[in-house]
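Q: Structure in structure tokens, see below.
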Amino acid sequence: TPQNRAASWIAHALGKDDYDLVKDAHRYIQRYVLAVVYYSLGGEEWSDQLSFLSQSSECDWHVPLKDRNGRYVNMGVMCDSDGQVTRLWTPRDNGLLGTIPEEIRFLTYLETLALPEGMIVGTIPESIGHLKKLRELAFSDNKITGIVPTSFENLVSLETLALDGNDITGSPLHTLRFMKNLSYVYLEDNDFQEDIISLIPSELKELRHLDLSENQFTGILPPIFFNHPRLEVLDLHDNYIDGFFPYEIGGPFRTGGALISGQGGDDYVPIPLRYVALHKNRLRGFIPDEITNLQELEFLDVSRNQFAGYLPDSIGTMTKLEKLYLGDNIFDEDELPRFFENMTSLRELSLKGLKYTGTIHDFFGNLKDLFMLDLDGNDLTGNIPASLGNLTGLFILMLNRNRLSGPVPDSLANLVNLEVLLLDNNDLTGNLNFMCPFVHDAAMGNSETWDKVDYFIADCGGEDPELDCEASCCTLCCEDNVGRLCLEDLWRINNKPNWEHGYKRMRFTFDM
């Protein structure tokens, strides 16, 4: 067993060392416990041994490694000035394999316990709940099962809890309410089942990030989430949350701020929410005007719900919004709203499947920070505006599944950063080869070529297509006028930026 192997190793090591077993009892205990951890988690196969089981002090069992920001951080074991182990932190994808041993409870001075991205199986030991000095606990992206131990109620110093990416079940939210110092909670991508009202964020006054996404949480969306004085990130996507978008945004008097208590009395401060992800739930009703009280908001995704009614024009005043996803709802809109004209900070805009009619407004070409524009699945008519050629930073342009007509404007050749261009299932005409200058360059004997768009799909197939596109230019030619969709799959942007990256998108992926 790992325990036998650890005892054998430390007995052998004692024969070589001259320290006093009684005088240095704490060192003996923590050396033994760390050896048990090493053998329990397949340490002999770790990518980086982190100096574990070396003859040096266990406080030196660490190596400097680069973190995601390029900074060097000591990974492994760290101690305080008295030689007590305060941190056990292994690198991501270091080959951890096995179970977390109960003996870890004897590291009573632990403040950080982080064992991410491995193949840890089994359950979380109940004894971890007795490590009352813990401030950070992270078992992200393993294969842990079972439930969150009720003993976690004792972790009153805990600030960060990251159990995301496992197979944990049960109802953890009630337990979280006892951890008054929690600031960062990441429980996404598990199998939790609980009414979300079990978590009362007003009791967690330090809460800054809350990610409960990709679970089976139920219940009504509580207004308190939108009035918390410190909450910046709220990610509840892909659950079974019901009800309406709260009208009570900005405190009980809707003053545009959140209530915060201090020694000088109660004051209102701007609501700090910057990231709100509610997509793939069962939310319904209207988007209220009060949403504009979230003036710090940079990311909002309410897609794939059952929201109806008209979008408030006041959304156009949310000038800090960079990423806005409204698609796959049942809004009562007719034409594309004009308030987007004022939202010059937009970088991603998705209006997929909203059945908008009318034309694409020229002002979209003035949103020059856009690198994703998704108008797929509407009922838009008229020409593609030439002004879209001004969006030289665009990576993704989806105009498919509309009734757009006429020639594709030559100005789209300016979009040299395009990786995805979807024009299929429209009534467009003309020649598209201008989008791939290398076709013409090759004909002229010019060796300089421009990489073609990675995914360029248009109605250029069949016997007599109205669009002409060389096979070396378009990646897929749909048959024109066949009365059915060329692609049954919907190209939905996968909105799952990692919290480890500060909720910034590192790359585009699609949920087909």
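The values are calculated or read from the model by the stated rules, or taken from the named source; none is laboratory data. Keep in mind it's a predicted model, so treat the numbers as computed, not measured. As a convention, Cβ positions derive from the backbone with ideal geometry for all residues, glycine included, and neighbour counts pool all protein chains shown. For the accessible areas, the whole protein counts, side chains as well, though only heavy atoms, and no ligand, DNA or RNA atoms are used. Shrake-Rupley method; radii C 1.70, N 1.55, O 1.52, S 1.80 Å.
Q: Taking the chain as the reference, fit the longest principal axis to its C-alpha atoms, fit the long axis of helix 2-14 to the helix C-alpha atoms, and give the angle between the two in degrees, 0 to 90, nearest 10.
A: Taking the Cα atoms of the chain, the angle to 2-14 is about 50 degrees.
Q: A further question follows. Report the percentage of all Cα-Cα pairs in the chain whose separation exceeds 34 Å, rounded to a whole percent.
A: Working: 65190 of 130816 pairs.
Counting pairs separated by more than 34 Å, the tail of P(r) holds 50 percent.
Q: By how many nm would the segment from Arg177 to Asn69 lengthen if fully extended, with 0.36 nm per residue of separation less the alpha-carbon distance?
A: Numbers: separation 108, 0.36 × 108 = 38.88 nm, distance 3.21 nm.
The span from Arg177 to Asn69 would gain 35.7 nm if fully extended.
Q: What pairs in Lys452/Lys496; Lys132/Lys504; Lys205/Lys280; Lys66/Lys205; Lys143/Lys352; Lys368/Lys504 have C-alpha atoms more than 24 Å from each other? Each step should come with its number before you reach the end.
A: Details: Lys452/Lys496 27 Å; Lys132/Lys504 33 Å; Lys205/Lys280 28 Å; Lys66/Lys205 33 Å; Lys143/Lys352 35 Å; Lys368/Lys504 19 Å.
Pairs exceeding 24 Å: Lys452/Lys496; Lys132/Lys504; Lys205/Lys280; Lys66/Lys205; Lys143/Lys352.
Q: Just to be sure I understand the model, the point goes 7 Å from the Cα along the line to the Cβ. What's the resulting Asp195 to Thr357 distance in nm?
A: About 4.4 nm separates the two model spin labels.
Q: Still on this structure: What value, in deg cm²/dmol to 500, does the helix sum -39500 (n - 2.57) over DSSP H runs of n ≥ 4 give at 222 nm once divided by the residues of the chain? Intermediate results must be reported in sequence, preceding the final value.
A: Details: 4 runs with 40 residues, N = 512.
Result for the chain, helices only: -2500 deg cm²/dmol.
Q: Using alpha carbons only, what's the Rg to Rh ratio of region 116-233 with Rh from Kirkwood?
A: Rounded to two decimals, Rg/Rh equals 0.94.
Q: While we're here: Compute, for His12, the solvent-accessible surface of its heavy atoms (probe 1.4 Å) with the complete set of protein chains present, and express it in square angstrom to the nearest 10.
A: So the heavy atoms of His12 present about 110 Å² to solvent.
Q: According to a simple spin-label model (label point 7 Å from Cα along Cα-to-Cβ), what is the distance in nm between Gln216 and Asp511?
A: Inter-label distance under the simple model: 1.8 nm.
Q: Taking the Cβ of Phe286 as the centre, find all other residues whose Cβ is under 13 Å away and add up their charges (Lys, Arg: +1; Asp, Glu: -1).
A: Working: positive: Arg284; negative: Asp289, Glu290, Asp332, Glu333.
Taking every Cβ under 13 Å from that of Phe286, the sum is -3.
Q: Under a crude label model (7 Å from the Cα following the beta-carbon direction), how far is Asn417 from Ile330 in nanometres?
A: 3.8 nm
Q: Let me ask something else. Give the Kirkwood hydrodynamic radius (Å, one decimal) of region 352-481, defined as one over the mean of 1/r across all pairs of different Cα atoms.
A: On the way: mean 1/r = 0.0675 Å⁻¹.
Every distinct Cα pair counted, the radius reaches 14.8 Å.
Q: Mind pulling the angle between the C-alpha long axis of helix 25-40 and the longest principal axis of the chain? Nearest 10 degrees, somewhere in 0 to 90.
A: On a 0 to 90 degree scale, this one is about 40.
Q: Which percent of the accessible heavy-atom area of the chain goes to carbon and sulfur, probe 1.4 angstrom? Spell out each step's value before the answer.
A: On the way: 10400 of 22120 Å².
On the chain, the fraction of accessible area on carbon and sulfur atoms equals 47 percent.
Q: To make sure I understand the rule: partners must be aspartates and glutamates, Cα under 15 Å from the Cα of Lys133, and not fewer than 8 residues away in the same chain. Which ones qualify?
A: Once the sequence-local aspartates and glutamates are set aside, what remains near Lys133 is Asp80, Glu111, Glu153, Glu159.
Q: Full-extension gain between Thr145 and Asp427, please, as 0.36 nm times their residue separation minus the C-alpha to C-alpha distance.
A: Details: separation 282, 0.36 × 282 = 101.52 nm, distance 5.25 nm.
Full extension from Thr145 to Asp427 adds 96.3 nm.
Q: Can you give the relative contact order of the chain as a percent, counting alpha carbon pairs under 8 Å and 6+ residues apart?
A: Details: 1299 pairs, mean separation 25.0, N = 512.
5 percent.
Q: Give me the accessible area per residue for the chain, probe 1.4 Å, as a whole number in Å². All intermediate terms of the calculation are to be shown ahead of the outcome.
A: On the way: 22120 Å² over 512 residues.
Per residue, the chain has 43 Å² of solvent-accessible surface.
Q: Step by step: find N for region 44-155, compute 2.2 N^0.38 Å, then divide the Cα radius of gyration by it. What's the final number? Working shown, then result.
A: Working: Rg = 13.9 Å, N = 112, 2.2 N^0.38 = 13.2 Å.
This ratio for region 44-155 stands at 1.05.
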